[in-house]
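Read the structure below first, then the notes.
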Amino acid sequence: MTQAVESARGTFTVEQRWELFHRWGPYALLGIGTVLAAGTVSAVGMTRGEVYASGALVVAALVLQLWWGRAARARPGPSPAGTLYYALRWAVGFALTWMNPLFAFHAVIGYFGAERLLPRRLVTAGLLATAVTVAGSQSGGLPPRDRIGWMVFGAVLSVNVALLFLFAHLATLEEDRARAQAATIAELERTNTALQQALDENAALHAQLLVQAREAGVADERRRLAAEIHDTIAQGLTGIIAQLQVVVNTADPRVAREHAVRATDLARESLGEARRSVHNLVPVALDRDGLPEALRKTVADWGERTGVRAGLTVTGTAEPLHEEVAATLLRIVQEALSNTARHAKATRAGVTLSYIGDEVTLDIRDDGCGFDPRVRPVRTGAGGFGLDGMRARAERIAGSLTVESEPGQGTAVSARVPLVRHD
């Protein structure tokens, strides 16, 4: 686009210079021809009558040029007035060159601006007429005085006409190139406009997709919470109600005490599940620390609570992640460790956070009893959302989650997500 603007500025400057030439060039060339002709009156052999006649024609040429300087403002293109001006100027130049060949400096102006003044059908004729005047001057003056003079005049005229057609052809090619350039620039401008419109549409579509993704994420989170509440808190409350009904309906103090203790244990467990669900919903740890530090505290707290030896390893250069990515990875670790504590009977567990290029990987391993990943576990009232929930979390941010496990060989959960930096 910058080159196009510079090209347009350059074209504008050339046009301005041509305007200056068409306006003042005839005066300058007439002046040069007049001075040279005046200095060669004796050498050329001009008679007194020719001198007076040439002086009158010079005045006529000046008047004609002054008239056209005003008339041209209202007639910028080819017109009958322009054709009349061109014809009169050629006639004056021809007559002056007839009397003194050096007046051809004025006649040569006919080569310039023919297309500006004459209709297309008369341009060639006007240029040929100018070529006759100039060839007459170059061959020694008009009319030729003998046969050799006519031969020289014919040869010079032929060369002028050939050069005229050659330059006309080159001018046509240059004009075609200029038109092609203008068309290319116009096409580039249209393409840039279309590209900008496409970028604007893509930006709007991207914003719409983000809204839809956020809505989908909210819906997924609601389904996850619904499933988790159903599987934990609701089941716990159902159990509590059942135990309390036994307490109400029995007269045996020992049985009542036993079921009351069970109801209390279920209440404590349900409270713990409720707190865990709230903690998963709002990862408070990320409000104070980055992901590595939050994971380190989570793993340490989990190890102290369960008595399982656990540790965190961070590889690569840690970078601040987008809050949604960090929250997703933290929740996957919490869910995986919760499953380990609940089902694995492990003695050791390890979490590895790796920053690799444009990806972040998370590996959670334990040396527990393991399981067959091909067998879908039975959902129980004490269970959580499990592997399906972790996989859904990873996929929601364009990631993936894989599980490797064998009975008696421990379990490894691996999550890979894009490295989206914090805004």
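The values are calculated or read from the model by the stated rules, or taken from the named source; none is laboratory data. Just so it is clear, the structure is predicted and the values come from calculations on it, not from any experiment. Here the Cβ is made from the backbone with ideal geometry for all residues, glycine too, and neighbour counts use every protein chain on show. These accessible areas exclude ligands, DNA and RNA; they are computed on the full protein's heavy atoms, side chains included. Shrake-Rupley method; radii C 1.70, N 1.55, O 1.52, S 1.80 Å.
List of remarks:
- Per residue, in Å², the accessible surface of the chain once ligands and nucleic acids are set aside, probe 1.4 Å: 60 Å²
- Using alpha-carbon coordinates, inclination of helix 291-306 to the longest axis of the chain, degrees: 10 degrees
- Packing-based order for 102-109, 72-79, 197-204, using average beta carbon neighbours within 10 Å, highest first: 102-109, 72-79, 197-204
- Cα gyration tensor shape for region 59-198, rounded if a/c is under 1.5, else prolate or oblate: oblate
- DSSP bridge orientation in the chain - percent antiparallel, rounded to nearest 5: 75 percent
- A helix-only calculation puts the chain at -23500 deg cm²/dmol for mean residue ellipticity at 222 nm, using -39500 (n - 2.57) for each DSSP H run of at least four residues, averaged over all residues.
- Note on the chain: GNM, Cα springs under 10 Å; of Ala327, Ala53, Ala344, the largest mean-square fluctuation is that of Ala53.
- Helix axis angle, 323-339 relative to the chain longest principal axis, alpha carbon, degrees: 20 degrees
- Expressed as a whole percent, the accessible area of the chain that falls on carbon and sulfur atoms is 61 (1.4 Å probe).
- Angle between the chain longest axis and helix 147-228 axis [Cα atoms, degrees, rounded to 10]: 10 degrees
- Since only Leu199, Ala186, Val218 are under comparison, the one whose Cα sits farthest along the positive direction of the charge dipole of region 177-218, derived from C-beta charges on Lys, Arg, Asp and Glu, is Ala186.
- Using θ = phi - 60° and Karplus 6.51 cos²θ - 1.76 cosθ + 1.60, couplings along region 68-82 (whole Hz; Gly, Pro as x): 5, x, 7, 5, 5, 5, 8, 9, x, x, x, 7, x, 5, x
- Each Lys and Arg contributes +1 and each Asp and Glu -1, all at the Cβ; summed about the Cα centre of the chain, the dipole is approximately 1420 debye.
- Put simply, when 20-30, 253-263 are sorted by average Cβ atoms within 10 angstrom per residue, most first, you get 20-30, 253-263.
- Taking a Cβ cut-off of under 11 Å around His22, the surrounding Lys, Arg, Asp and Glu residues balance to a net charge of +1, with basic ones at +1 and acidic ones at -1.
- Packing-based order for 179-187, 386-394, 90-98, using average beta carbon neighbours within 10 Å, highest first: 90-98, 386-394, 179-187
- Taking Leu321, Leu329, Leu66 as the candidate residues, the one with maximal mean-square fluctuation in a Gaussian network model of the chain, Cα springs under 10 Å, is Leu66.
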